[in-house]
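A.B. asks: Before I ask anything, here is the structure I am working with.
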Amino acid sequence: MGFVVMVNVIGLGYIGLPTALMMASHGVAVVGTDCEPTLIETLRAGRTTFKEEGLDELFAAAVKEGIVFTTEYQVCDTYIISVPTPYEKLSKQIDPSYVVAAVKSVLEVAPNAATLVIESTVSPNTIDRFVRPVVAETGRTDVHLAHAPERIIPGNMVYELKHNNRTVGADDSEVAERVKELYASFCQAEISITDIRTAEMTKVVENTFRDINIAFANELTKICRVGGMDVHEVIRIANKHPRVNILNPGPGVGGHCISIDPWFLVGDYPETANFIRLARHTNDSMPEWVLGRAFDVMRECHITDSNRVGIYGITYKEDVDDVRESPTLQMLASMERHLVADPCRVYDPWVERDIVPGQVHTMEEFLDGLEMVIVMVGHSQIKSHPELFGNRVLLDTRNVLGDGPNIYKL
Ligand SMILES: NC(=O)c1ccc[n+]([C@@H]2O[C@H](COP(=O)([O-])OP(=O)(O)OC[C@H]3O[C@@H](n4cnc5c(N)ncnc54)[C@H](O)[C@@H]3O)[C@@H](O)[C@H]2O)c1
């Protein structure tokens, strides 16, 4: 394919921006559109909008190839829609409003025979239930729909965009092949073609698989704590079995994917998705459980002043700046519910903007006067470096600091 195709990527967040940059730097004519004017201004000023390994270099390459950023929707062959898909807190079902709004806006400008690729994660049937009716309302029978869910992990996005296998769901094989060819401009891995509903389901199932397996590890942690066993040693040895691979336990699950997508299945199949619901509740219980564990460690170490206990890490995983749904934010909310009066001191080297009360911006300021640190995120800064915390008591919820007389685990 000699890439004259013009692609309009709609939504330039954690997923849309690297995707747009990747395509542009591989010879596709790309215009990136976002409804947020300040985000567009930042990109136009030559700056990326979040921290990610290799993103600045990719940005420079895409700018060199002529990528354009705008708040306007473009007239072009292919649209890639990468807008948020939260869930409704009560029903647990997908909130499709961002996708629907983006599709409506695109249809106002899309030329004859344009292809709309929904890249946002959606629950199975979302495109049938919410997107097709919007297309039908306009009387358009010429546009094509496809679904190409994204699997990349923050922290390794640039590599994974190129090397992860992908899925393309479409109504007919000709459209699927065209979309596949577009992604193959940069993706060196296998691209499976299927129908739209199967593509929707596989993405949600992948994240649900992860959530359930993390929940298993977290439940083992609770069992081992009650039974007086070291869960990490149990998992290490159990994983020597050739067909066992237990994941790492932790302080909870955050981010925009694993903590949200399984709810779509619970919301749509409430009678059937029992195991999935339980896994979600198990992982959601962890931040509060960590709080209880922190109080136990304080008692054991005779630490009576909770103002001398700080929290390291706000992001939902290591070496990213994304704080959405993070276990730390969940734990702080739990403290608020328990009427803990003073804001806890919190520090995260990846988070420069002020997110929570009590947040400080240097390690020095953070550690000053603290007797104990709850390590909620295993950023590279501290991984295998307990000495950075001096001789303070450490509750290492990520098992990244090694062993020591002052290091407590979940
Ligand atoms: N973040 C991840 O790690 C990840 C991984 C895989 C899949 N996903 C999925 O990708 C999708 C996008 O997630 P994200 O993390 O990039 O979200 P995000 O919030 O970082 O970015 C979404 C962007 O869309 C813009 N937007 C919203 N409505 C718009 C509209 N109508 N027109 C133009 N722009 C609009 C917003 O301003 C925002 O910049 C979600 O469905 C998510 O589940 C995310």
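A.B. asks: Take every DSSP beta bridge with both residues inside the chain and express the antiparallel ones as a percent of the total, to the nearest 5. Working shown, then result.
C.D. replies: On the way: 3 of 43 bridges.
Just about 5 percent of them are antiparallel.
A.B. asks: Counting C-alpha atoms alone, how compact is the stretch 193-325: give Rg to one decimal and Dmax as a whole number, in angstrom.
C.D. replies: Both quantities, over Cα of the stretch 193-325: 17.4, 60 Å.
A.B. asks: Here's a follow-up. Hey, in the GNM for the chain with a 10 angstrom Cα cutoff, which one of Gly169, Gly310, Gly369 fluctuates hardest?
C.D. replies: It is Gly369.
A.B. asks: Now for a different question. Which peptide among 119-126, 18-25 comes first, and what is the full order, when sorted by highest mean count of other Cβ atoms within 10 Å? Display every interim value, and only then the final one.
C.D. replies: On the way: 119-126: 23.6, 18-25: 26.6.
The peptides rank, most packed first, as 18-25, 119-126.
A.B. asks: Only Lys, Arg, Asp and Glu count, each charged at its Cβ (+1, +1, -1, -1), so figure out the dipole size of the chain about its Cα centre, rounded to 20 debye. It would help to have the intermediate numbers written out before the result.
C.D. replies: Values: 37 positive and 57 negative charges, 172 e Å.
With Lys and Arg at +1 and Asp and Glu at -1, about 820 debye.
A.B. asks: Can you tell me the length gained on complete extension of the stretch Met6 to Glu352, counting 0.36 nm per residue apart and subtracting the Cα distance?
C.D. replies: On the way: separation 346, 0.36 × 346 = 124.56 nm, distance 3.59 nm.
Residue separation times 0.36 nm, minus the Cα-Cα distance, leaves 121.0 nm.
A.B. asks: Mind scanning Lys222/Lys409; Lys51/Lys317; Lys317/Lys383; Lys240/Lys383; Lys203/Lys383 and naming the pairs with a C-alpha gap bigger than 20 Å? Don't jump to the answer; show the numbers that get you there.
C.D. replies: Values: Lys222/Lys409 12 Å; Lys51/Lys317 13 Å; Lys317/Lys383 13 Å; Lys240/Lys383 24 Å; Lys203/Lys383 31 Å.
From the list (Lys222/Lys409; Lys51/Lys317; Lys317/Lys383; Lys240/Lys383; Lys203/Lys383), the Cα-Cα distance tops 20 Å for Lys240/Lys383; Lys203/Lys383.
A.B. asks: Suppose R0 equals 60 Å. What FRET efficiency, 1/(1 + (r/R0)^6) with r the Cβ-Cβ distance, do Asp284 and Ala113 give to the nearest 0.05?
C.D. replies: On the way: r = 45 Å, r/R0 = 0.75.
Here the calculated transfer efficiency is 0.85.
A.B. asks: Please list, ordered by chain and number, the residues whose modelled amide H lies under 5 Å from the amide H of Thr115; skip anything fewer than 5 residues away on the same chain.
C.D. replies: Thr78, Tyr79, His144
A.B. asks: Please give the FRET efficiency for Thr198 paired with Phe275, using the beta carbon to beta carbon distance and R0 = 25 Å, rounded to the nearest 0.05. Present the calculation step by step, with values, prior to reporting the outcome.
C.D. replies: Numbers: r = 21 Å, r/R0 = 0.85.
Taking R0 as 25 Å, the efficiency between Thr198 and Phe275 is 0.75.
A.B. asks: Let me ask something else. Please report, ordered by residue number, every helix of the chain (full DSSP H runs) that is 24 Å or longer along its axis going by C-alpha atoms and whose mean Kyte-Doolittle hydropathy reaches -1.0.
C.D. replies: Working: long enough: 196-227 (47 Å, 0.02); 274-300 (37 Å, -0.49).
Span-like helices in the chain: 196-227, 274-300.
A.B. asks: How far apart, in nm, are two points set 7 Å out from the Cα along the Cα-to-Cβ line at Ala101 and at Glu177?
C.D. replies: Simple spin-label model gives 3.8 nm for this pair.
A.B. asks: Springs between alpha-carbon atoms under 10 Å, Gaussian network over the chain: tell me which of Tyr14, Tyr269, Tyr87 tops the mean-square fluctuations.
C.D. replies: Result: Tyr269 has the largest fluctuation of those listed.
A.B. asks: Right, another one. From the P(r) of the stretch 231-409, could you give the percentage of C-alpha pairs in the tail past 23 Å?
C.D. replies: On the way: 6914 of 15931 pairs.
In whole percent, the long-distance tail amounts to 43.
A.B. asks: Quote to one decimal, in nm, the extra length available between Asp56 and Val244 on full extension: 0.36 nm per residue of separation minus the C-alpha distance between them. Before the final figure, lay out the partial values.
C.D. replies: On the way: separation 188, 0.36 × 188 = 67.68 nm, distance 3.88 nm.
So the chain would gain 63.8 nm between Asp56 and Val244.
A.B. asks: Also: Would you calculate the separation in nanometres between label points at Arg44 and Asp342, each defined as 7 Å from the Cα along the Cα-to-beta-carbon direction?
C.D. replies: That separation, rounded to one decimal, is 4.7 nm.
A.B. asks: Give me the aspartates and glutamates in straight-line cross-link reach of Lys64: C-alpha distance below 16 Å, same-chain residues under 8 apart excluded.
C.D. replies: Hits, sequence-local ones excluded: Asp56.
A.B. asks: I need the semi-axes of the equivalent ellipsoid of the chain: take the C-alpha gyration tensor, multiply each eigenvalue by 5, square-root it, list largest first in whole angstrom.
C.D. replies: Numbers: eigenvalues 340, 113, 74 Å².
Whole-Å semi-axes of the equivalent ellipsoid: 41, 24, 19.
A.B. asks: Counting Lys and Arg as +1 and Asp and Glu as -1, what is the net charge of the other residues whose Cβ lies under 15 Å from the Cβ of Ile407? Numbers along the way, then the final one.
C.D. replies: Working: positive: Arg293, Lys383, Arg392, Arg398, Lys409; negative: Asp230, Glu233, Asp296, Glu300, Glu371, Glu387, Asp396, Asp403.
Charge balance in the 15 Å sphere: -3.
Every number in this text was worked out from the coordinates using simple rules, so none of it is lab data. Just so it is clear, the structure is predicted and the values come from calculations on it, not from any experiment. Note that each Cβ is placed from the backbone with ideal geometry, even for glycine, and that neighbours are counted across all protein chains shown.
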